[in-house]
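Visitor: Structure incoming, see below.
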Amino acid sequence: MTVAFGGNRALDGVGMSAERGRVSGLIGPNGAGKSTLFDVVSGLRRPSAGRVVLGGRDVTRMGPARRAGRGLARTFQRLELFGRLTVRDNLLVAAELGPERRRAASAVTAILERLGLTEVAGMTADALPTGVARLVEVGRALAVRPSLLLLDEPAAGQDDAETERFAALLRSLAGDGTAVVLVEHDMGLVMSVCDEVTVLDLGKVIAVGPPEVIRADETVLAAYLGDA
Ligand code: ADP
Ligand code: MG
């Protein structure tokens, strides 16, 4: 995939794959192109070159709604909840469009339970602390029963105990057969849950490999030190 904003190549020939049953990490300094890659994959931004293949099918020309209908869901780095709706209704909106629309209410109840959100189900999204609101976005993404789930910094704003629970959730989603892609700055979380990590810097892939290899990669270290 290639995406240019004026003379700035946010993505410059980037390739990445995600598989069902695995958590794939996507990391890199601020401005590396991670959110832009999610925009291209989810259909919010057309690449100037390259293609997106979902479940063996080229979806590059499909809009976001059709991709969602084919099992793709995402969350946003800058939260995009329906602020005046309750937590439960935020999930219902999605569930009523997904494959479980006939039993949307009970599907939503099960997801709220799984995410530990039952107690805040009746609160409006605007009233939630950021860490909890991010979890609600994950819940809304899950409500369409995705086969590919893209998470853009979902653990930002979570405390240590919340992050630990979130790590277990990601593993269990992969265990269900979901392909999970995790963009995250919390390296402890990335290194503990990911099967494979792709590192972006200035719109290019600079490393791909298992967490223990990425952790020791000098190119990766240099990219992060440059960022600081
Ligand atoms: P990351 O998510 O890795 O922090 P982004 O994908 O948000 O990075 O941004 C990648 C690059 O593209 C940055 O240089 C950013 O300034 C630029 N960029 C992102 N979105 C836009 C936009 N809508 N218009 C112009 N430049 C953009
Ligand atoms: Mg980003």
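Visitor: Looking only at residues in the range 134-190 that are within 16 Å of ligand 1 (Cβ to nearest atom), assigned to a loop (DSSP other than H, G, I, E, B) and of a type in the set (D, E, K, R), which one is surrounded by the most Cβ atoms within 10 Å (Cβ to Cβ)?
Guide: That would be Glu184.
Visitor: Here's something else I'd like to know. Go through the range 159-188 and report how many residues are closer than 10 Å to Val23 by Cβ, more than 16 Å from ligand 2 (Cβ to nearest atom) and hydrophobic (A, V, I, L, M, F, W, C).
Guide: Result for the range 159-188: 6.
Visitor: Among all residue pairs at least 6 apart or on different chains, which show Cβ distances below 8 Å where the first residue, located in the range 30-41, is in a helix (DSSP H, G or I) and the second is near ligand 1 (Cβ under 6 Å from one of its atoms)?
Guide: Lys34/Gly28; Thr36/Ala10
Visitor: A further question on this structure: Please give the number of the condition Gly28 fails out of (1) among the small types (Gly, Ala, Ser); (2) over 18 Å from Ala223 (Cα atoms); (3) within 16 Å of ligand 2 (Cβ to nearest atom).
Guide: Unmet for Gly28, out of (1) among the small types (Gly, Ala, Ser); (2) over 18 Å from Ala223 (Cα atoms); (3) within 16 Å of ligand 2 (Cβ to nearest atom): (2).
Visitor: Answer yes or no: is there a residue in the range 192-201 that is assigned to a strand (DSSP E or B), in contact with a Lys or Arg (Cβ under 8 Å, 6 or more places away or on another chain), of a type in the set (D, E, K, R) and within 16 Å of ligand 1 (Cβ to nearest atom). Walk me through it before giving the result.
Guide: So the first thing to find is which residues in the range 192-201 are assigned to a strand (DSSP E or B), and the list is 196-201.
From the residues that got through so far, the ones that are in contact with a Lys or Arg (Cβ under 8 Å, 6 or more places away or on another chain) too are 196, 200.
Still in the list and also of a type in the set (D, E, K, R): 196.
Of the ones still in play, those that are also within 16 Å of ligand 1 (Cβ to nearest atom) are none.
No, because not a single residue in the range 192-201 is assigned to a strand (DSSP E or B), in contact with a Lys or Arg (Cβ under 8 Å, 6 or more places away or on another chain), of a type in the set (D, E, K, R) and within 16 Å of ligand 1 (Cβ to nearest atom).
Visitor: Additional query: Can you name every residue in the range 47-62 that is assigned to a loop (DSSP other than H, G, I, E, B) and surrounded by 13 or more Cβ atoms within 10 Å (Cβ to Cβ)? Show your work before the answer.
Guide: Of the range 47-62, the ones assigned to a loop (DSSP other than H, G, I, E, B) are 47-48, 50-52, 55-56, 59-62.
Matches in the range 47-62: Pro47, Gly50, Val52, Val59, Thr60, Met62.
Visitor: Given (1) outside any loop (DSSP other than H, G, I, E, B); (2) touching a residue at least 60 places away in the same chain (Cβ under 8 Å), where does Glu19 come up short, assuming only one miss?
Guide: For Glu19, the exception is condition (1).
Visitor: Further question on the same structure: Quick check on this structure: which one of Ser48, Ser42 is among the polar types (S, T, N, Q), over 25 Å from Val190 (Cα atoms) and either within 10 Å of ligand 2 (Cβ to nearest atom) or at pLDDT 95 or above (or both)? Spell out how you get there, then give the answer.
Guide: Details: Ser42 fails: over 25 Å from Val190 (Cα atoms).
Ser48 is the lone residue from the list that is among the polar types (S, T, N, Q), over 25 Å from Val190 (Cα atoms) and either within 10 Å of ligand 2 (Cβ to nearest atom) or at pLDDT 95 or above (or both).
Visitor: Now, a different point. Identify, please: which residue in the range 156-171 is touching a residue at least 12 places away in the same chain (Cβ under 8 Å) and closer than 18 Å to Ser24 by Cβ and is, among those, nearest to the chain's Cα centre (by Cα)? Spell out the reasoning first.
Guide: Here is the first cut: in the range 156-171, the ones touching a residue at least 12 places away in the same chain (Cβ under 8 Å) are 156-159, 162-163, 165-167, 169-171.
If we keep only those that are closer than 18 Å to Ser24 by Cβ too, we end up with 166-167, 169-171.
Values: Phe166: 13, Ala167: 13, Leu169: 13, Leu170: 11, Arg171: 14 Å.
Result: Leu170.
Visitor: Within the range 77-123, how many residues turn out to be under 26 Å from Pro64 (Cα atoms), touching a residue at least 40 places away in the same chain (Cβ under 8 Å) and outside any loop (DSSP other than H, G, I, E, B)?
Guide: Count: 8.
The values are calculated or read from the model by the stated rules, or taken from the named source; none is laboratory data. All values derive from a computational prediction rather than experimental measurement. Quick reminder, even Gly has a Cβ in these numbers, built from the backbone with ideal geometry, and neighbours come from all protein chains shown.
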